[in-house]
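The values are calculated or read from the model by the stated rules, or taken from the named source; none is laboratory data. Fair warning: this is a prediction, and the values are worked out from it, not measured in the lab. Quick reminder, even Gly has a Cβ in these numbers, built from the backbone with ideal geometry, and neighbours come from all protein chains shown.
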Amino acid sequence: MARPNMSQLLHFAVLWFHLLLPSLLCDNLFCYYSPILDKEKTFEFIVTECPPDELCFKAEGRYGNHSALSARGCMAKRDCSQVHSISLKGTVYSMSYGCCDSPYCNSCPGVTANSFSITVTLMTVAVMTGRW
């Protein structure tokens, strides 16, 4: 197994601090916001700064087995992982909320804090095996 050289380690350290430093320097988290919309509609995400002690969230609204709505934003940690019924244009949807705690972590489908941990782990393995 090849040992990483100093350049690889430096590159990894810069990338690591670039990803983590913003969240370490301030208390507020930056997330993407989008209102509750039909899942098929496109919306250019808006960057928002969450109030202290709030996390980024992504929500999915379901009507029966059909995924129909989506939303993003900030919410209190105690409200994460909950399901609420909402009425929109006369239809009742079941909205489920999932939270994550790193900057802009609610950008892509399925991205959570766990995805960030997996990415960091894979980057570490790549550096340690000399494949980066």
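Per-residue answers, yes or no, for (1) at pLDDT 95 or above; (2) of a type in the set (A, V, I, L, M, F, W, C); (3) under 14 Å from the mean Cα position of the chain (by Cα):
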{"residue": "28", "(1), (2), (3)": "no, no, no"}
{"residue": "49", "(1), (2), (3)": "yes, no, yes"}
{"residue": "61", "(1), (2), (3)": "yes, no, no"}
{"residue": "73", "(1), (2), (3)": "yes, no, yes"}
{"residue": "84", "(1), (2), (3)": "no, no, no"}
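Report whether or not residue 93 is at pLDDT 95 or above, within 16 Å of residue 29 (Cβ to Cβ) and either part of a helix (DSSP H, G or I) or of a type in the set (Phe, Trp, Tyr) (or both). When the stated conditions are applied, residue 93 does not pass them.
When 57, 45 are screened for being surrounded by fewer than 18 Cβ atoms within 10 Å (Cβ to Cβ) and within 17 Å of the chain's Cα centre (by Cα), only 45 passes. Against the definition (surrounded by 16 or more Cβ atoms within 10 Å (Cβ to Cβ) and either basic (Lys, Arg) or touching a Pro at 6+ places or on another chain (Cβ under 6 Å) (or both)), how does residue 72 come out, yes or no? Against the criterion (surrounded by 16 or more Cβ atoms within 10 Å (Cβ to Cβ) and either basic (Lys, Arg) or touching a Pro at 6+ places or on another chain (Cβ under 6 Å) (or both)), residue 72 qualifies.
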